[in-house]
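Working notes, beginning with the structure itself.
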Amino acid sequence: MFLDGEAWRARFLDFEREAWRLETLPQYLMPQEAQELQAFRSGARVDPARVSNQYTDRLRRQVVEGRAQGRVHIVTRPLSEYLRFEFSRYYAPHALAGEEIRILDVTGRRNPLEGVQDFWMFDHSEVVLMHYHPDGRQISREVHEGDVAPFIEYQRIAMEESVPFEEYVKGLDL
């Protein structure tokens, strides 16, 4: 089953304990980000502590409700322009709002999750596979019909091998 619109948004409203994502690409070409990415290229920066929008508000509510949201992004250095944009425009304010963001840097070492595709996992019971073109344009979101156990293991490995976002970006010029 493919997800879009309300069915997709409901996953983030209805999970009980945890929504978790693995990101594997150096860029995601999302049309709704084009204007912000261009502003970033022109030198515009945001103060992460001042960002308040529907996403950060939802993250803050989830924290109060005892529901966690997190992700691990697999990266290599040098960081792509998109990753520097994503780190400053999204990850920094989202981490302040309560999302547990971690970075798994595989520069100069074996990627322990080589070949694993992007996915979201909800409450360790539902996995949504994220399909992308090689350049980062999204193709679709698909509910995984099989066993979730491998994805729980991918999450364990990603968490074990990664570092907190705040630690990773210390001293980086984003």
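The values are calculated or read from the model by the stated rules, or taken from the named source; none is laboratory data. Remember, it's a predicted structure, so these values are computed and weren't measured experimentally. Note that we place each Cβ from the backbone using ideal geometry, even for glycine, and neighbour counts take in every protein chain shown. Just the protein is used for accessible areas: all its heavy atoms, side chains included, with ligands, DNA and RNA removed. Shrake-Rupley method; radii C 1.70, N 1.55, O 1.52, S 1.80 Å.
Data overview
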| item | result |
| --- | --- |
| Accessible surface of the chain [probe 1.4 Å, protein heavy atoms]: carbon and sulfur percent | 52 |
| Net charge of Cβ neighbours under 10 Å - reference residue 106; Lys, Arg +1; Asp, Glu -1 | 0 |
| Mean separation of Cα contacts under 8 Å, 6 or more apart, over the residue count of region 98-161: relative contact order % | 28 |
| Semi-axis lengths (Å, descending) of the ellipsoid that matches the C-alpha gyration tensor of the chain | 24, 20, 17 |
| The chain: antiparallel DSSP beta bridges as a percent of all, rounded to 5 | 55 |
| Semi-axes of the equivalent ellipsoid for region 117-156, Cα gyration tensor, largest first, Å | 20, 11, 7 |
| Cα-projected label distance for residue 33 with residue 143, points at 7 Å along beta-carbon direction, nm | 2.7 |
| Where only C-alpha atoms are counted, convex hull volume of region 1-100 per residue in Å³ | 119 |
| The chain: relative contact order in percent, alpha carbon pairs under 8 Å with at least 6 residues between | 31 |
| Long-range amide H partners of residue 119 with built H, under 5 Å | 22, 130 |
| Fluctuation leader among 44, 92, 19 - the chain, Gaussian network, Cα springs under 10 angstrom | 44 |
| nm² value of the averaged projected area, convex hull over the Cα atoms of region 89-174 | 7.1 |
